[in-house]
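Note sheet for the following structure.
Just so it is clear, none of the values below were taken in a lab; they were calculated from the coordinates. Note that the structure is predicted; figures quoted are calculated from it, not measured. Neighbour counts run over all protein chains shown; Cβ positions are idealised from the backbone, glycine included.
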Amino acid sequence: MLQGKVVRKVGDDVSTDIIYPGRYMATVLPTETPQYAFADDAEFNQRLRAKEIPPGSILVAGKNFGCGSSREQAASCLKGHELVVVAQNFARIFLQNAINLGLRMIICPTVEAGEADELMLNGGTLVNRTTGKSFPIVSLPKARQAIIDAGGLIPYTRRLLVERRT
Amino acid sequence: MGMTYVQKLLARAVGKREVAVGDVLEPPVDLAMSHENAALVLNQFLEIYQGTGREARVWDPSRIAIIFDHRVPAESSKTASNQKKVREFVASQGIAKFHDIRGDIGGICHQILPENGYVRPGAVVVGTDRHTTTHGALGAFAFGIGATEMASVWTLGRILNVEVPATLKVVVNGAFRDDVYPKDLILYLIGRISAEGANFKVIEFHGPAIRSMPTSGRLVLCNMSVEAGATGGVVPPDAETLRYLGEEAGVREHVETFAPDPDALYDQVIEIEAGSLPPQIACPHTVDNVKPVDAVKGTRVHQIVVGSCTNGRLDDIEVAARILKGRKVAAGTRLLVFPASWRIYHEAMDRGYLRDLMDAGAVVCNPGCGPRLGVHQGALGDGETALATTNRNFKGRMGNPAGEVYLSSPAVAAASALTGVISDPREAH
């Protein structure tokens, strides 16, 4: 069950450079990357760092979210704040990295939501409780969903390690 | 139904007679490569083992390769500390395919793997670097993955959730004209199909111009396939592959090869006449903004870079040395040369190429990714323009968002170094 408030709305083609600027690339640890999430969006970054945004809050995006480079920091910095990203669609490598890191994502090609709207996932439908409208979501391939359900590739691999290798 | 090269490779890897495009597989990994980002892989790897009560051991130390090449020698204490951590891990796990910062066995990962015979036809190769596609030149299915995925590979020895990709077949007929090289071909192809033209697909190279191309050129094609969005590039192995492995990579044991089925189903087939291609240039700020050299001839360049994992091999340095021998780099232009490995550096030194280049005014740097990323040496000044034989020219790629980067073959780069403006190598003789 997912439910939360939209804390930020962004447009199409938001690149990894906007999510995690290249000048912080030398910082790699998932425990350290969250401080630089949307570093060039000073107000949003400040709110994130001040922990004013509760876990489970929602970022709404347009098409091709996470395009650009393959840097994993772009996914780990959002995961660190436990944000949920709802986008019309995601760039391929970002999607893969986000699945691996256990970042919650919802692919919703027709989503209509503004900042402060309350969204709720109801089966295969995303409901905007503020406007009363609902939108179908696209589910991920089963094999990938299993990784998300496990909380990311680290816990998923840990489970396989314990089950398969003795 | 016949299978493409990579379909067949993946079917063999998982022990099936047939796999279809879109099937999700977990093939065993033959080689897992990382560079400095092994430090992040290591962090994720240790986290996987946390709370399991097991000692963290990689699945097979002989199948892991780690090469320091992105920031060598270390440019900061942060990098040096990461390299130290990785060095200690390599020793504790017994990882033998480790190439530290050394003037004998060091170099850029995408040259170290082929020249040491680490990559074989039919292998599944993964690397924490986009340009891991390079190794398709030897008939491997090679592609880039994230650091967390690599940590999972180190643990399980398998790569999870690989979708069998569709294949784009590129047939290159005829022969190249003088002063035209594999780099011109791949730039032309990327310009023609765009940076998204091969998304999710493998590019499989065929035709007489490929059959007669040495492995050094095939490495260029596969290196840059990813710039057309491809998951991988591949040249089905042939007599040249076996020659390279035996003569240049020191492989003594028998190497098995196979070919795609004649009735394989391709997503698309593109034919190119090699003899029709002039030298090509990728213009700022995207790799698919490609024009014939004539269209940008005369553009002033301040810095020229010959080298990198794309074009830092012996024949690349030879071409540059031949053009520059007995002549001078134009005043106001600087020429940086980065051989792809120390083995190449030594050979270029023995053959006098480095002396010819230095006498002309070139600065020969140590093998490494250097200015390609803009993280280390060779940054551009505000408003400066560079011409490089590397593989990407995005804004800020050479360490300065106010600089412009053009991409070309080593021949165009050397001819331009003589004049200080983008020049046609056919006019530099």
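Working out 0.36 nm times the residue gap between B:I270 and B:K85, then minus their Cα-Cα distance, what length gain in nm do you get to one decimal?
61.9 nm
How big is the C-alpha Rg of the range B:150-226 next to the rule-of-thumb value 2.2 N^0.38 Å, as a ratio?
Values: Rg = 15.4 Å, N = 77, 2.2 N^0.38 = 11.5 Å.
Computed over Cα atoms of the range B:150-226, the ratio equals 1.34.
Regarding the range B:169-289, what is the average projected area of its C-alpha convex hull, in nm²?
Numbers: hull surface 32.2 nm².
Convex hull of Cα atoms, orientation-averaged projection: 8.1 nm².
Compare the peptides B:225-236, B:324-335 by average per-residue count of other Cβ atoms within 10 angstrom and give them in order, highest first.
Sorting B:225-236, B:324-335 by mean packing, highest first, produces B:225-236, B:324-335.
Rounded to two decimals, what is the ratio between the C-alpha radius of gyration of the range B:249-356 and 2.2 N^0.38 Å?
Numbers: Rg = 19.2 Å, N = 108, 2.2 N^0.38 = 13.0 Å.
Taking the Cα Rg and dividing by 2.2 N^0.38 Å, one obtains 1.47.
Assuming 0.36 nm per residue, please report the length gained on full extension of the stretch A:V162 to A:S15 beyond their Cα-Cα distance. Before the final figure, lay out each step's value.
On the way: separation 147, 0.36 × 147 = 52.92 nm, distance 3.70 nm.
My answer for the length gained is 49.2 nm.
In whole Å, largest first, what are the principal axis extents of the Cα atoms in the range B:316-374?
Extents along the principal axes, in whole Å: 29, 26, 14.
First check a/c for chain A, with a ≥ b ≥ c the square roots of the eigenvalues of its C-alpha gyration tensor; if it is under 1.5, answer rounded, and if not, answer prolate when a/b is larger than b/c or oblate otherwise.
Numbers: a/c = 1.65, a/b = 1.11, b/c = 1.49.
Because a/c hits 1.5 or more and a/b fails to exceed b/c, chain A counts as oblate.
If you build the Cα gyration tensor of the range B:83-122 and take the root of 5 times each eigenvalue, what three semi-axes come out, in whole angstrom, biggest first? Don't jump to the answer; show the numbers that get you there.
Numbers: eigenvalues 84, 37, 11 Å².
So the three semi-axes of the range B:83-122 are 20, 14, 7 Å.
Restricting to DSSP H runs of at least four residues, report the calculated mean residue ellipticity at 222 nm for chain A, -39500 (n - 2.57) per run over all residues, nearest 500 deg cm²/dmol.
Values: 6 runs with 49 residues, N = 166.
For chain A, the value works out to -8000 deg cm²/dmol.
Work out, in µm²/s and without decimals, the Stokes-Einstein translational diffusion coefficient of the protein assembly as shown at 20 °C, 1.002 mPa s, Rh from Kirkwood over C-alpha pairs. Mind dumping the intermediate values first?
Values: Rh = 24.8 Å.
So the translational diffusion coefficient is about 86 µm²/s.
For every other residue with a beta carbon closer than 14 angstrom to the beta carbon of B:N37, add +1 if it is Lys or Arg and -1 if Asp or Glu, then tell me the sum.
Values: positive: A:R71, B:R71, B:K78, B:K85, B:R130; negative: A:E72, B:E36, B:D69, B:D129, B:E149.
Charge balance in the 14 Å sphere: 0.
Going by how many other beta carbons lie within 10 Å of each one, how would you line up B:H110, B:H131, B:H70, B:H302, fewest first?
On the way: B:H110 31, B:H131 25, B:H70 20, B:H302 17.
Lowest to highest Cβ neighbour count: B:H302, B:H70, B:H131, B:H110.
Distance check, please: which entries in A:K51/A:K142; A:K9/A:K79; A:K79/B:K395; B:K8/B:K395; A:K63/B:K84; B:K297/B:K328 exceed 29 angstrom between their Cα atoms? Present the calculation step by step, with values, prior to reporting the outcome.
Details: A:K51/A:K142 33 Å; A:K9/A:K79 17 Å; A:K79/B:K395 27 Å; B:K8/B:K395 39 Å; A:K63/B:K84 41 Å; B:K297/B:K328 19 Å.
As for pairs spanning more than 29 Å Cα to Cα, those are A:K51/A:K142; B:K8/B:K395; A:K63/B:K84.
What's log10 of I(q)/I(0) for the range B:5-272 at q = 0.15 Å⁻¹, Debye sum over Cα points only, no solvent?
-1.11
With the crude spin-label approximation of a point 7 Å out along Cα→Cβ, what separation in nm comes out for B:A239 versus B:R426?
Distance between label points: 3.0 nm.
In percent, what relative contact order does chain B have, based on Cα pairs under 8 Å that are 6 or more apart in sequence? Each step should come with its number before you reach the end.
Values: 1053 pairs, mean separation 72.8, N = 429.
Reported as a whole number, the value is 17 percent.
Under 13 Å from the Cβ of A:T31, count the other residues' Cβ atoms, weight Lys and Arg +1, Asp and Glu -1, and hand me the total.
Values: positive: A:K79; negative: A:E32, B:E47.
That works out to -1.
Quick check on the exposure proxy: order B:K291, B:K8 from fewest to most C-beta atoms within 10 angstrom.
Working: B:K291 16, B:K8 21.
Fewest to most other Cβ atoms nearby, the residues stand as B:K291, B:K8.
Within a Cβ distance under 14 Å of B:L185, other residues only, what is the Lys/Arg minus Asp/Glu net charge? Mind dumping the intermediate values first?
Numbers: positive: B:R177, B:K183, B:R192, B:R211, B:R218; negative: B:D179, B:D184, B:E227, B:E271, B:E273.
With Lys, Arg at +1 and Asp, Glu at -1, the neighbours total 0.
Points 7 angstrom from Cα along the Cβ direction at B:A379 and B:N366: gap in nanometres?
About 2.0 nm separates the two model spin labels.
Determine the distance separating the Cα centre of the range B:91-126 from the Cα centre of the range B:268-317; give it in Å without decimals.
28 Å
Can you give the helix-only mean residue ellipticity at 222 nm for chain B, where every DSSP H stretch with n ≥ 4 adds -39500 (n - 2.57) and the sum goes over all residues, rounded to the nearest 500 deg cm²/dmol? Provide the component values of the computation, followed by the final result.
On the way: 14 runs with 129 residues, N = 429.
Counting only the DSSP helices, I get -8500 deg cm²/dmol.
Using only C-alpha positions, report the orientation-averaged shadow area of the convex hull of the range B:1-101, nm², one decimal. Intermediate values should be presented prior to the final figure.
On the way: hull surface 35.0 nm².
For the range B:1-101, the mean projected area of the Cα convex hull comes to 8.7 nm².
Just how far, in whole angstrom, is the range B:322-336 from the range B:41-73 if you go by their alpha carbon centroids?
44 Å
How big, on average over all directions, is the shadow cast by the Cα convex hull of the range B:280-427, in nm²?
Dividing the Cα hull surface by four gives the mean projection, 7.4 nm².
I need B:F258, B:F176 ordered by Cβ neighbour count within 10 Å, fewest first.
Numbers: B:F258 14, B:F176 18.
Fewest-to-most ranking of B:F258, B:F176: B:F258, B:F176.
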